[in-house]
1. Which FRET efficiency value, to the nearest 0.05, is calculated for Asp65 and Ala32 with the Förster distance at 25 angstrom and r the Cβ-Cβ distance?
2. How many nm is it between the label spots at Ser55 and Ala22, if each spot is 7 Å from the Cα in line with the beta carbon?
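Laboratory data are not the source of any read-out in this text; all were calculated from the coordinates shown. From a predicted model like this one, the values you see are computed outputs, not experimental measurements. Cβ sites come from the backbone with ideal geometry, for glycine too, and all protein chains shown count toward neighbours.
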Amino acid sequence: MTTAVAPSTPLSAVDRCDRCGAQAYLRVELTAGGELLFCAHHAREHGDKLREIASHVHDETHKLDSTPATVTDSEN
Ligand SMILES: [Zn+2]
């Protein structure tokens, strides 16, 4: 079996937020090297800063957008 190395490996349930340990939906590859993982909450909280220091951002937070369980208080 050959494992293909993709430029952006999809995030999975074993990927955890570096801040709180929740499932990660955002992976930030740093220009300085290394990478950080964030849940949707922290991705949103640190999003702007992360994009400044990131060489690449793999964003899967859109996966959560269609979740009915998510309460949006920004509507109305
Ligand atoms: Zn988090």
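1. For R0 = 25 Å, the calculated efficiency reads 0.25.
2. A separation of 2.9 nm, rounded to one decimal place.
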